[in-house]
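Every number here is computed from the coordinates shown, using simple stated rules; none is lab data. All values reported here derive from a predicted model rather than from experimental measurement. All Cβ positions, glycine included, derive from the backbone under ideal geometry; neighbour counts span all protein chains shown.
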Amino acid sequence: MDIDRLQGFDLSEYRRLLAVMVARYPCVGFEVLDSHSAFSKFAIVRHDIDMSPAQALALARIEANLGVRSTYTVLLSGEFYSPFERSTRELLREIGNFGHDIGLHFDAAWHGIENESDLCEAIKWEAGVLNRLLELPASRQVKMFSFHNTTPFTMSCKASHYAGLRNACAAYLQENVQYTSDSNGYWIHRSWQQLLDEQPDRVQVLTHPEWWSAADAHPAEKVCSHLASRGRSTWISYRTLLQKANRQNRTGLSVALSEFGELFPNDGDRLMMLWLEGYRSEAFLEAFCFFERQCRRLLRRYFRFEQRITGATVQAILSDYRLKLDPLFALSAFYEKSVGELLGFPLRTYRKIKRHRDRLVHGYDGVSRAELMISFELLIQAVGRLSERGSLLDNPSGIRMLPTKGTALCRDAESLLRWLEANHKRLDLSLQTIRQLGQRQRQLAIKVGGC
Ligand SMILES: [Zn+2]
């Protein structure tokens, strides 16, 4: 589908396009507005930071490596970041330390401005705030501005300077410099590559750093991912603050939440936030997947280090969806520990948790709020016990892989299949399914020429 096609907005493409441009043009700043005749051929690289100072820093680093000076404009009144936040302020200062120009990204609508005299006053005020905020030395102070979310009024402001600051939308630039912009995550006028192909003498490329990520994605995905990670880091600093101050973090749950976030820094916090935001069924189902992933991770570790069986073989057999292997039962068999010992609660409780999962997956009601909460807490507790940090599974014992017959299939895979057959009752598996899986594996092994 055309609509699903990504546009190539990632950091390696950014580096490529910039390198092509640097080879053809001297990169300059908005000082071209002070003396038009001094600059006949040039490129201006400008970044309006609407959402992501972190991505802006990533671009600043690439530019510094290529010896490019560009201009970053900072928004004081945006909703996606605040330059007053300590971490954001540091990012912006770091960008300036690379030698890039810092400008003002100005939202006239925020001030309700409709005439040029008020415009000058407000720009002067915001530029003063930004200079003080970033502690910019006299030689590096804000000397230019660009409009954020242009309006008919701001489009009519075409003078070279307002309040002594250079205007990125000045008439001179509009009339003499070829321009393109990645507003909203796609090229508005022409692509950067097309602009280079046209070979004009003077160019201005405007990017919004939030669109240029390590891996490309659709613009809305980038916005949501930015918002989620911003929310998560705010939550983490909140819970860390309480922890350091030895204060309670009252969540309504009885499990030590702070530890879970520490144990699994990204997933743990994401899961807890989902629950606390009120998405309880989703959080419970996610916790179940998380729990199963943790079991599978331990299984793979066991096979890799204890049995020298490759992860790919284990994946191909034990994770085959037709087998429906409960990885917890496999762990229990391999480590010769009961399910209760592994989980810290009885097998019948585990079966009840699985019934809750099945009911939710199939859209049935009947799992009460209290039951869901208990199941969620027990799962989180079990994941903690099965974590790498837990010492429960350090010493597997008594595992004897069975001797193999036949030569068509790898020894590893054959051995695994025979082990499954021998333990099918304990693993709650159908013997017929294991045999069918074995047949398929053998056919596959013959097809690809064995191991
Ligand atoms: Zn903007």
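Evaluated on the range 255-398, the Kirkwood hydrodynamic radius is 16.0 Å, with distances taken between all distinct Cα atoms. Per-residue ellipticity at 222 nm, computed for the chain from helices alone with -39500 (n - 2.57) per DSSP H run of at least four residues, works out to -16000 deg cm²/dmol.
In the chain, the DSSP beta bridges split such that about 5 percent are antiparallel, to the nearest 5.
Shape of the range 176-215 from the C-alpha gyration tensor: prolate (a/c of 1.5 or more and a/b above b/c, with a ≥ b ≥ c the square roots of its eigenvalues). The residues packed around residue 206, meaning those with a beta-carbon under 10 Å from its beta-carbon, carry a net charge of -1 if Lys and Arg are +1 and Asp and Glu are -1.
Placing dummy labels 7 Å off each Cα toward the beta-carbon, the span from residue 361 to residue 235 is 2.4 nm. Centre-to-centre, using Cα atoms only, the range 327-349 and the range 137-176 are separated by 67 Å. Near residue 202, the amide H atoms lying under 5 Å from its own belong to 42, 178; only residues 5 or more places off or on other chains count, and H is placed 1.01 Å from N.
Along the range 361-370 the Karplus relation, 6.51 cos²θ - 1.76 cosθ + 1.60 evaluated at θ = phi - 60°, assigns HN-Hα couplings of 4, 8, x, 8, 7, x, 9, 6, 4, 5 Hz to successive residues, with x for each Gly and Pro.
Stretched out straight at 0.36 nm per residue, the stretch from residue 253 to residue 5 would grow longer than its current Cα-Cα span by 85.0 nm. Annotation: the antiparallel percentage among DSSP beta bridges lying fully within the range 7-211 is about 5. Per-residue extension of 0.36 nm, minus the Cα-Cα distance of residue 432 and residue 115, leaves a gain of 106.0 nm for this segment. Across all Cα atoms of the range 85-167, the radius of gyration (one decimal) and Dmax (whole number) stand at 13.2, 36 Å. Quick check: from the Cα gyration tensor, does the range 1-116 come out rounded (a/c under 1.5), prolate or oblate? Rounded shape, in that the Cα axes give a/c under 1.5. Less than 5 angstrom separates the built amide H of residue 345 from none of the residues sequence-distant by 5 or more or on a different chain. Neighbours of residue 37 by Cβ distance under 14 Å: Lys/Arg scored +1, Asp/Glu scored -1, total -1.
Taking trypsin sites (Lys or Arg not before Pro) as exposed when their DSSP state is a loop state and no more than 11 other Cβ atoms lie within 10 Å, the longest site-free interval of the chain runs over 6-246. Three principal axis extents describe the C-alpha atoms of the range 289-360; from largest down they are 35, 25, 18 Å.
Treating each Cα of the range 233-309 as one equal point scatterer and applying the Debye formula with no solvent, the log10 of I(q)/I(0) at q = 0.11, 0.17, 0.25, 0.26 Å⁻¹ comes out as -0.37, -0.73, -1.19, -1.25. Compared with the direct C-alpha span, the chain from residue 77 to residue 312 gains 79.5 nm at full extension, assuming 0.36 nm per residue. Taking amide H as placed 1.01 Å from N in the peptide plane, residue 75 has its amide H under 5 Å from the amide H of 49, 105, each at least 5 places away in sequence or on another chain. Karplus-based coupling profile of the range 42-54, in residue order and whole Hz: 6, 10, 10, 10, 10, 10, 8, 7, 8, 10, 10, x, 5, with θ = phi - 60° in 6.51 cos²θ - 1.76 cosθ + 1.60 and x standing for Gly or Pro. Counting lysine pairs in the chain whose alpha carbons fall under 28 angstrom apart, excluding pairs fewer than 8 residues apart on the same chain, gives 18.
For the range 255-398, relative contact order (Cα pairs under 8 Å, six or more residues apart, normalised by length) works out to 30 percent.
Take every Cα pair under 8 Å whose residues are at least 6 apart in sequence, average their separation, divide by the length of the range 299-361, and the relative contact order is 18 percent. Rg/Rh, computed from the Cα trace of the range 7-211 with Rh as the Kirkwood radius, has the value 0.93.
Between residue 319 and residue 349, what is the FRET efficiency for a Förster distance of 30 Å, r being their Cβ-Cβ separation, to the nearest 0.05? Taking R0 as 30 Å, the efficiency between residue 319 and residue 349 is 0.75. Applying the Karplus relation 6.51 cos²θ - 1.76 cosθ + 1.60 with θ = phi - 60° to the range 335-351 yields 3J(HN,Hα) values of 8, 6, 10, 6, 4, x, 5, 5, 8, x, 8, x, 4, 4, 5, 4, 4 Hz, where x marks Gly and Pro. Out of every Cα-Cα pair that the chain contains, those further apart than 30 angstrom amount to 61 percent. Counting only the backbone N, which residues of the range 58-100 are under 19 Å from the spot 7 Å out from the Cα of residue 225 toward its beta-carbon? Under cut-off, by backbone N: 58-62, 80-81. For the range 186-235, rounded, prolate or oblate, judged on the Cα gyration tensor with a ≥ b ≥ c (square roots of eigenvalues), a/c < 1.5 rounded, else prolate if a/b > b/c? Prolate, since a/c reaches 1.5 and a/b exceeds b/c. Per the Kirkwood formula applied to alpha carbons, the range 172-268 shows a radius of gyration over Rh ratio, Rg over Rh, of 1.28. Summary value for the range 7-211: 25 percent relative contact order, contacts being C-alpha pairs under 8 angstrom separated by 6+ residues.
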